[in-house]
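Shown next, in structure tokens, is the structure this report addresses.
Please treat every number below as a calculation from the coordinates, not as lab data. Note that the coordinates shown come from a computational prediction; the quantities given were computed from them, not determined experimentally. Note that each Cβ is placed from the backbone with ideal geometry, even for glycine, and that neighbours are counted across all protein chains shown.
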């Protein structure tokens, strides 16, 4: 039986629900990243490092809530905190003490955040970050890097893919105010020297798509120096990397203090939530003042679910575990061991043009690249677009289904996030499934 036939036979209920969803949602989806051919999975429950789909299949989960569940699914402290809070209230329409504790934990881990504001998502955080930058500097242009993802909003939609085509529905003036550059410090300096209208530079501080396209060595530190030299704000989008690559994100590892930081995912412990924070003088623009200030200077920011008590409860419970670094260390050690094991499979099978790479608890799979590099040794010459799609779409599509057939679910078939709940048994079973899946993919590709 082929990989596709096996996938269909084991997921009949998911297929039926996916067909129903086609009548309810665009392409049957509630999130673009869950698009999968021939259909994605419907999941019924989760616990620890695992989840169970509606057909009763048990899966080792490497989506981990799109990277938000650093402690794994259903951590008892997070569950208890949310249960306790839901009995007390889900929305007070007022400030609450739990938000202060949440902010205290964030600021304790991110010293660059002198003042912060909670939002309901990472997209909202980056929206506000660029608006603040423009208001503070009085300039209009935002420099961003090709392929980096900062949410779906108009302000940073242009340049999120390797394709330079302007995104549909975004005003030409907004596209024109978005300067898309390669991750080349010389090009950045040339741009900042030539243009006096740049308000800020924003980036994912480990590279596009949480390191799928890694940054050159020393890039973040070099960029910080350039933005300071030319009087431009630096925005570190740590929505994915915050509280994951280190308790204080990539900026702590690199020894860099950005002007503004955006956060989400781990921040809210698996519930909706985001934040932005930074220099007090920049964040002051969110504050109220006299009538003239409020009319001419204040940046307005409402949000029904800002600092929602349920999200705050989950966030506090999670960040209390993150703070001492033990949970992150466990996830990172598991990730390093898993990547090494997966690359050993590729070397043993002679998979030229295949590699697994990453950063601690984050990993990426590249399959069937156009350059037949040594198995497990990623070639830095690969173009951005190919890295972003994980190599050959055919190979990755087959690999995703084959892995699911063997009880392993990667994010889009090409990326994964580990949590503190992932165990040695999970790694061993994942490696066995990966070995079998790669063999099946190679057989169907005739490689």
Worksheet, complete the sentence: Note to self: C-alpha centroids of segment 279-322 and segment 168-246 sit apart, in Å, by 24 Å
Worksheet, complete the sentence: Two pseudo-spin positions, 7 Å from Cα along C-beta at residue 394 and at residue 370, lie apart in nanometres by 1.6 nm
Item to complete: May I have the extent of the alpha carbons of segment 83-201 along their three principal axes, as whole Å values ordered from largest to smallest?
Response: 54, 32, 24
Worksheet item: Average projected area of the Cα convex hull of segment 76-322, in nm²?
Response: 13.7 nm²
Worksheet item: How high is the FRET efficiency between residue 296 and residue 20 when r is their beta carbon distance and R₀ equals 45 Å, given to the nearest 0.05?
Response: 0.30
Worksheet item: Taking only the alpha-carbon positions of the chain and ignoring solvent, what does the Debye formula give for the base-10 log of I(q)/I(0) at q = 0.06, 0.08, 0.10, 0.12 Å⁻¹?
Response: -0.26, -0.47, -0.74, -1.06
Fill in: Bins of 10 Å, starting at 0 and running to the largest distance - Cα pair percent for segment 38-108
16, 35, 30, 16, 3
Discussion item. Can you tell me the convex hull volume per residue for segment 308-414, based on C-alpha atoms, in Å³ to the nearest whole number?
Written reply: 139 Å³
Response to the item:
Once normalised by the length of the chain, the mean sequence separation of its alpha carbon contacts under 8 Å that are 6 or more apart gives a contact order in percent of 20 percent
Worksheet item: Can you give the direction-averaged projected area of the convex hull of the alpha-carbon atoms in segment 1-125, in nm²?
Response: 10.9 nm²
Fill in: Simple spin-label estimate for residue 352 and residue 12 in nanometres, 7 Å along Cα-Cβ
4.4 nm
Fill in: Neighbour-count ranking [beta-carbon atoms within 10 angstrom, fewest first] of 259, 5, 154
5, 154, 259
Item to complete: Sort 238, 104, 87, 429 so that the residue with the fewest other Cβ atoms within 10 Å of its own Cβ comes first and the one with the most comes last.
Response: 87, 104, 429, 238
Discussion item. Could you work out [θ]222 nm for the chain from helices alone, using -39500 (n - 2.57) per DSSP H run of at least four and dividing by all its residues? Round to the nearest 500 deg cm²/dmol.
Written reply: -12500 deg cm²/dmol
Item to complete: Provide Rg and Dmax in Å for segment 135-252, with only Cα atoms included in the calculation.
Response: 13.7, 39
